[in-house]
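Reading through the structure tokens given below for one structure.
Each value in this text was obtained by applying a stated rule to the coordinates, not by laboratory testing. Bear in mind that the values here come from a model prediction, so they are computed numbers and not experimental data. We place every Cβ from the backbone using ideal geometry, glycine too, and count neighbours over all the protein chains shown.
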Amino acid sequence: MNVGVMTQQSKSTTPQLWRRGVGILLALDFVVTLAILITDKNLQTDFGATHPYYLHWYVLLVTALVDLVGAPLVYLQSSRQLIRAAAGWSIFMAILQVADIATYRLVGFPNPSGFAVYLFGLTHYDGALPYIPGLYDILLLLYIITAAVSAQALTRRT
């Protein structure tokens, strides 16, 4: 048995596994975003102030579509540019989610901490319409993991 051949094979498949991992994570980002879009009545109606669908809902829909398009591209194509784009997108989305707290007035919260509790709290926010607490937390965590795995994939390229 030639150990050198086995070592070469595992080295050449390592970047592919990391790249595919990024594609799978982008698909998971899409699934969680889709769950938020479907279940969060506050997001859909600006906490009951408008008829569906409110501006924030459309913004999140666009991000879901980017994830949906990016996931199979990254998974199927071996491209450093796609991995860089996935890393940049994931970092941007993580920052955007945290920065979204600054829009607290647009959705009727008196202060940023109340909106932060709604977005990232693990329990139902009092007075809110139906939604699933924790989904925004999961999405933020997934984007951070996607960015980290993308960075790893870039270092593993041969």
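Tabulated data for the structure shown
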read-out	value
For the range 70-158: rounded, prolate or oblate by the Cα gyration tensor [a/c cutoff 1.5]	prolate
Contact order relative to length of the chain, as percent, for alpha carbon pairs under 8 angstrom and 6 or more apart	35 percent
HN-Hα J in Hz across the range 118-131 - Karplus 6.51, -1.76, 1.60, θ = phi - 60°, x for Gly and Pro	4, 5, 10, x, 9, 10, 5, 6, 4, x, 7, 5, x, 6
Modelled FRET efficiency - R0 41 Å, Tyr58 with His124, Cβ distances, 0.05 increments	0.95
The chain: angle of helix 55-76 to the longest principal axis, Cα-based, in degrees nearest 10	10 degrees
Angle between the chain longest axis and helix 135-155 axis [Cα atoms, degrees, rounded to 10]	20 degrees
Net length gained if the chain between Asp137 and Arg105 were fully extended (0.36 nm per residue, minus Cα distance)	9.4 nm
Charge dipole (debye, nearest 20) of the chain; +1 at Cβ of Lys and Arg, -1 at Cβ of Asp and Glu	840 debye
Spin-label zone in the range 114-131 - amide nitrogen under 13 Å from a point set 7 Å from the Cα of Ala49 along the C-beta vector	115
Alpha carbon centroid spacing (whole Å) that separates the range 83-158 from the range 14-39	14 Å
Tilt relative to the chain, helix 3-39 - C-alpha long axis, 0 to 90 degrees, to 10	10 degrees
Contour excess over end-to-end distance, with Cα ends at Val98 and Gln81 and 0.36 nm allotted per residue	3.5 nm
The range 87-158, relative contact order in percent, only Cα pairs under 8 angstrom and at least six apart counted	37 percent
